[in-house]
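Chemist: Take this structure, written in structure tokens, and hold onto it; I'll ask about it next.
The values are calculated or read from the model by the stated rules, or taken from the named source; none is laboratory data. All of these numbers come straight from a predicted model, not from anything done at the bench. Cβ atoms come from the backbone with ideal geometry, glycine included; neighbour counts cover every protein chain shown. Ligands, DNA and RNA are excluded from the accessible area calculation, which covers all protein heavy atoms including side chains. Shrake-Rupley method; radii C 1.70, N 1.55, O 1.52, S 1.80 Å.
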Amino acid sequence: SKYIDLVIKGIQTSVIICGAPGVGKTYRVRKQLKEAGYKEGQNMYTYKGKGTPRALYLTLYNFKRKGDIVVIDDADALVGPKAPEDSINILKAALDSTSDEEGRLVNYGIGTKLVDDNGKQIDKKFYYSGGIIVITNYNAGQLDSALRGRSFIQDISFSIDETFGIIKQLMPDIEPQLYSRQSKMKAYSFLEELSKDDNYKMNISVRIFCLCAKLFESCSNDDNFTDDDVKSMIKEQMKNQSAEGGNINNKDEKRHKTCNKQRT
């Protein structure tokens, strides 16, 4: 992604990558950072977005140097309309494209003292000079408006054919220590076959592909299972997961509509 490359080079302070779940957003970001020489825990850190404002602040504090990159993965809880105000304010400051020579000033407005996990007292304001990559399943329109104006946004949506193209491109690098090439090819071919069957209307994704490859791999050395058994299990799961009904909250309903667009 050109957007990620801009953050790596320090040209842009941040990018928010949006898109339906399971299309390989996190995998591609981590792969690109690794190829650029980034190492987890050294000059980059992956923060799971379901954490607290305190955890977010401490993560940014610990990776605040110029050249550091914080990847905020699964960030729906931090960037959507129901995000905690403290988290939004921290991100607003860290994502801001304007800064002075020292960086972007980040504040954590709590009345009590702030300590890290080792009990060491931490300043409640600091200058952040690193880069940030935010990964979310929300689309651009669902992001907090204050964040949209402070970062580049890449909104990713793919047709089924495009998704299969991505899977094919990534296939050699997807968990080679866990899934054999044969199991991955079986999964790819079977999903491609099912995608043409109107009885199995389900969003095809890298995540679904990995699940199918895992089934083929796990059953390959088990005399009690055949490839036909695996295919039958996959068909059943795809039917169950694409079934409509029940209570769907607003967020899930919007995401459901987004997935449906990929099939048109």
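Chemist: For segment 57-83, give me each residue that is within 19 Å of the chain's Cα centre (by Cα) and open to solvent by 30 Å² or more (accessible area, probe 1.4 Å).
Modeler: D74, A77, P81, K82, listed by residue number.
Chemist: For segment 152-205, which positions are of a type in the set (F, W, Y) and closer than 30 Å to Q142 by Cβ?
Modeler: F152, F158, F164, Y200, listed by residue number.
Chemist: Quick test for you: out of I4, I17, pick the one residue that is under 17 Å from L95 (Cα atoms), open to solvent by less than 10 Å² (accessible area, probe 1.4 Å) and not in a helix (DSSP H, G or I).
Modeler: Within the list I4, I17, the selection yields I17.
Chemist: Taking the criterion of being of a type in the set (G, A, S) and over 30 Å from I208 (Cβ atoms), would at least one residue in segment 13-36 satisfy it?
Modeler: First, pick out the residues of segment 13-36 that are of a type in the set (G, A, S): 14, 19-20, 22, 24, 36.
Checking which are over 30 Å from I208 (Cβ atoms) leaves us with none.
Checking segment 13-36: not a single residue is of a type in the set (G, A, S) and over 30 Å from I208 (Cβ atoms).
Chemist: Now for a separate question. With respect to D86, is the statement that it is open to solvent by 10 Å² or more (accessible area, probe 1.4 Å), in a helix (DSSP H, G or I) and over 30 Å from S205 (Cβ atoms) true?
Modeler: It is true that D86 is open to solvent by 10 Å² or more (accessible area, probe 1.4 Å), in a helix (DSSP H, G or I) and over 30 Å from S205 (Cβ atoms).
Chemist: A further question on this structure: Just the residues that are closer than 27 Å to L170 by Cβ and at pLDDT 95 or above, please, taken from segment 48-62.
Modeler: Residues of segment 48-62 closer than 27 Å to L170 by Cβ: 48-50.
Those that are closer than 27 Å to L170 by Cβ and at pLDDT 95 or above: none in segment 48-62.
Chemist: Any idea which of (1) over 19 Å from the mean Cα position of the chain (by Cα); (2) among the basic types (K, R); (3) assigned to a loop (DSSP other than H, G, I, E, B) is the one R54 doesn't satisfy?
Modeler: (3)
Chemist: Let me ask something else about it. Since I133 meets every condition but one in (1) within 17 Å of R65 (Cα to Cα); (2) modelled with pLDDT of 90 or more; (3) touching a Lys or Arg at 6+ places or on another chain (Cβ under 7 Å); (4) not charged (D, E, K, R), which condition does it not meet?
Modeler: (3)
Chemist: Report the residue count in segment 191-219 for those that are in contact with a helix residue (DSSP H, G or I) (Cβ under 8 Å, 6 or more places away or on another chain), in contact (Cβ under 8 Å) with a residue 60 or more places away in the chain and not in a helix (DSSP H, G or I).
Modeler: 2
Chemist: If you don't mind, there's one more thing I want to ask. Could you check, for segment 209-216, whether at least one of its residues is modelled with pLDDT of 85 or more and farther than 30 Å from G19 by Cβ? Lay out the reasoning, then the answer.
Modeler: Start the filter on segment 209-216 by keeping residues that are modelled with pLDDT of 85 or more, which leaves 209-216.
Checking the rest, the ones that are also farther than 30 Å from G19 by Cβ come to none.
Checked against the condition, which is being modelled with pLDDT of 85 or more and farther than 30 Å from G19 by Cβ, segment 209-216 yields no hits at all.
Chemist: Any residue at all in segment 186-206 that is under 17 Å from I167 (Cα atoms) and of a type in the set (D, E)?
Modeler: Yes, segment 186-206 contains at least one residue that is under 17 Å from I167 (Cα atoms) and of a type in the set (D, E).
Chemist: Is it true that R150 is closer than 16 Å to P21 by Cα and open to solvent by 50 Å² or more (accessible area, probe 1.4 Å)?
Modeler: On the way: closer than 16 Å to P21 by Cα: no; open to solvent by 50 Å² or more (accessible area, probe 1.4 Å): yes.
So R150 does not fit the description; no.
Chemist: Of the residues Y57, Y47, only one is touching a Ser or Thr at 6+ places or on another chain (Cβ under 6 Å), aromatic (F, W, Y) and within 26 Å of C18 (Cβ to Cβ); which?
Modeler: After ruling out the rest, the residue left standing is Y47.
Chemist: Identify, please: which residue in segment 26-51 is of a type in the set (S, T, Y) and farther than 16 Å from F63 by Cα and is, among those, most open to solvent (accessible area, probe 1.4 Å)? Walk me through how you get there before you give the answer.
Modeler: The first filter runs over segment 26-51 and keeps only residues of a type in the set (S, T, Y), leaving 26-27, 38, 45-47.
Of the ones still in play, those that are also farther than 16 Å from F63 by Cα are 26-27.
On the way: T26: 40, Y27: 70 Å².
That would be Y27.
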